[in-house]
Every structure is written in C-alpha cells, then in structure tokens.
Amino acid sequence: MPVTSSPALWWRAWNALRGTNPTTLTEKDVPVPDLSGKWIIITGSNNGVGFEAAKKFAKAGANLILACRDPPPTEQHPTAAVAECQRLATSSGHDSTIAWWEIDMADLASVDTFAQRWLDTKRPLDILCNNAGMQPPAADVRTKDGLEIVHQVNFLSHVLLTYHLLPSLAQAAEPRIICTTSCHHFLGFCDIAHFNSEEGMAGEPYGNNKLYYQMWVVEMSRRLLAHPSYKHITINGIHPGYVYTGIWNNPRPDAGNSIRFPFFRWLASWLAISPEQGSLAIVYAATSDEFRANRETQGVGVLGGKGGGHYINRIWEAEPMPYCRDEAGRLEVWGKVSDELKLEDRGLADIL
C-alpha cells in the first residue's frame, strides 16, 4: 500500500533517537577479515569516520583509494591520511597500495572524471564506501550544477559515482556498496515536488536527502537482484551513530545548525561516540557475514546472509522509514535522480 503521509512525529523521533545508542563496540563485535588484494574506494576518508574506517581497512591489508576533495585548512589533508594508512598497512605486514584521488562531490564533472580514472585501471572494485557528507550551510547554496549543495554532496554525487562504478563492482566476486544514510532519515519528508530543496519544501535538506538516499538504496538493491550481471552486488544503508566529529568540534564558518544551535555541539561532546566507534558501522557492513549476499538470491556469500537493501543502525539491522517500502515512492525518487543527474546524457540511463 502506498505511503501517503509521514509517520507520527513520536514514531519518527523515537527511531531517530535510537541512533544515539552509545554502546561501545569491540573487535569481537566487528572482527575484520584479511582484506589482502581487495580494492576499496572510500569517500570522505581524510577525516572522521571515513578516515577511521580507512585505517582499519589498511591494517587488514586492503588496497585503498581515498576519494576526497582538496580540503580547507580546518581538515586533515588527504596526503596525511594516506601516510597514516600506509604506515598501518606496512606495520601489519602488508604491501598495500594506498593513494589519494581527488574528487569534489559539489561538482558532478569531478565525479565523472574520478570514475573514469578508476575504470581505466580495469581493476575489479570489491567495496565502495559512499561516506562523504556535510551539514547544511547557514544559507541556501547552489552548486555549479544548479543543485542544492547538501542534496548533491550527501546524495546525488554518490549515486552518480555508484552508477559509473557498477561495471567494475560486477567484476569482483563479492562486491559491496555501503551508503551512509543516517538515522536522520527518520526526520525527513518525502517531498518530491521540492526534490532539489526548492522554496516551500517540507522539512530540511539534510533529513530529506538521507530519506531519499535510503529509499534509493532499497530500490537499487531490488534492481541489482533482478539484473544477471549485478545480482551479486550487495548494497546497504548505514547509520554510523551519533558521532563526535568535525561537524561538532570544528564547525565551518558557513555551517548552519552547528553554529545556530551550540546546544547540540555540547550534547555531542557528552553523549556522542568517537569517530573510531562510528567507523565500525562502515567496516561491519563492508566485511561481515551477516550482510553478505545470500547464495540462493545473489549467487555469493553465506547461507543465511541478509544481503542488501537494509538500513543498519551501527551494526544492527533496523526498520527504516515506511517510505522505503513504498514502491511508487521509490520509483519517483529513482526518476527524479535520473533527471537531475542527466543520466541519459551520461549514457547511464539504461544501466539498470
């Protein structure tokens, strides 16, 4: 049955609050297998949970591409992140390839260029971590592509990157895509008429785009399963937790909520988990048997594996917003994404 209205506020608030679960996870909860020979691309990996996840992948022997912009001085430069990851790999006895490749999620042409650079290597891609993101700026900001900046950076650019890299992922034996969607998707509104955060939009860009992203993940999983070349690719949405990262402890001058509501910064300093703890959500979704594809449905993985199309709150599967079960709503999101990314012009409209 189509979802025609948003769930009750108390239900949305309760499920969003469940994302603040401060349980401390250990290596026993998230054991990392040997990743020697695997290739991983992780966006936003010079800081925060992305950097911490990259470090864990490096220690496990993975080859890494840190997909990051050339950042402002308030952030660690990707070259420093590469050096630390290389040190960890070497000290763990691995001869890994680790590099920074520049990508600007606020520029779709940059995403196209990055993807083509990877495709030109002809390597199979084992894991794609769509992690980079930002909080809304204080004022409405549009990118050179004419898109609201949160809408593009947090959502559309990662969708475009994923479309481009599907042929490379398909070459891997057990490929996975991990998308950082967030518990904030419970606070979003499915306002298709204002998909690009136009004036009059219900809700705000951050929550809405996290909702669209989780809906897209579910629809993407359905389409992957139905495609003979892609049915072994597992995709899931994750919430890394309420993490005390640079969003709170080093806010940008142009930031919105982290400046206007310092209360939340104070709250995060007391209740939020560390970036290292938050990174375990990415690592778990990328490597655990639980969310590996099921042999009977996707041709790889372990019997009993849950496969894709899920919302994972840290390392625990959780119920997403009801919109994610609404096929008509998912198809609307799918169509709007195709239009805004001009997938037909990019030769990607028929990839799924």
remark   = Length gained, THR26-ALA193, 0.36 nm per residue minus C-alpha separation, equals 55.7 nm
key: Size of charge dipole - segment 94-213 - debye, nearest 20, with Cβ of Lys, Arg +1 and Asp, Glu -1, no other charges   = 340
task = Give the calculated FRET efficiency between GLN171 and LYS342 to the nearest 0.05, with a Förster radius of 30 Å applied to their Cβ-Cβ distance.
result = 0.70
task = Rounding to the nearest 20 debye, state how big the charge dipole of the chain is about its Cα centre with +1 on each Lys and Arg Cβ and -1 on each Asp and Glu Cβ.
result = 740
query = Which net charge results for the neighbourhood of THR143, defined as the other residues with beta-carbon distances under 12 angstrom from its beta-carbon, given Lys and Arg at +1 and Asp and Glu at -1?
reply = -4
message = Suppose we keep just the DSSP beta bridges with both residues in the chain; what percent of those would be antiparallel, to 5?
response = 15
key: Rounded percent of accessible protein surface that carbon and sulfur make up, segment 135-175, 1.4 Å probe   = 54
ask   = Helix-derived [θ] at 222 nm for the chain: sum -39500 (n - 2.57) over DSSP H runs of at least 4, divide by residue count, nearest 500?
value = -11500 deg cm²/dmol
ask   = Contour minus end-to-end for GLN76 and LEU271, with contour as 0.36 nm per residue of separation and end-to-end as the Cα-Cα distance?
value = 67.8 nm
key: Shape of segment 19-149, Cα gyration tensor, a/c cut at 1.5   = oblate
ask   = Once the Cβ-Cβ distance between ASP95 and ALA328 is put in as r, and R0 is 30 Å, what FRET efficiency do you end up with, to the nearest 0.05?
value = 0.05
message = For a quick check of your reading of the filter: which trypsin sites (Lys or Arg not before Pro) in segment 66-146 sit in a DSSP loop and have no more than 15 other Cβ atoms within 10 Å?
response = LYS122, LYS144
task = Determine the sum of side-chain charges near ARG292: Lys and Arg each +1, Asp and Glu each -1, restricted to other residues whose C-beta is under 11 angstrom from that of ARG292.
result = 0
remark   = If each part is reduced to its alpha-carbon centroid, segment 123-147 and segment 322-352 end up apart, in Å, by 17
note = Scoring the chain by relative contact order with C-alpha pairs under 8 Å, at least six apart, yields a percentage of 19
task = Give me the net charge of PRO31's neighbourhood, meaning all other residues with Cβ under 12 Å from the Cβ of PRO31; Lys, Arg count +1, Asp, Glu -1.
result = -3
ask   = Which FRET efficiency value, to the nearest 0.05, is calculated for ARG117 and ALA83 with the Förster distance at 22 angstrom and r the Cβ-Cβ distance?
value = 0.55
task = Take SER36, project a point 7 Å from its Cα along the Cβ direction, then tell me which residues of segment 64-98 have their backbone nitrogen under 15 Å from it.
result = 89-97
Spin-label model distance (nm) - LEU9 vs GLU317, 7 Å beyond Cα toward Cβ = 3.3
request  = Please sort by residue number the GluC sites (Glu not before Pro) in segment 183-248 whose DSSP state is loop and whose Cβ has at most 14 other Cβ atoms within 10 Å.
outcome  = GLU198, GLU199
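The values are calculated or read from the model by the stated rules, or taken from the named source; none is laboratory data. Source: prediction; values computed, not measured. Backbone-built Cβ (ideal geometry, glycine too); neighbour counts: all protein chains shown. Accessible surface is based on the protein model in full, side chains and every heavy atom, while ligands, DNA and RNA are left aside. Shrake-Rupley method; radii C 1.70, N 1.55, O 1.52, S 1.80 Å.
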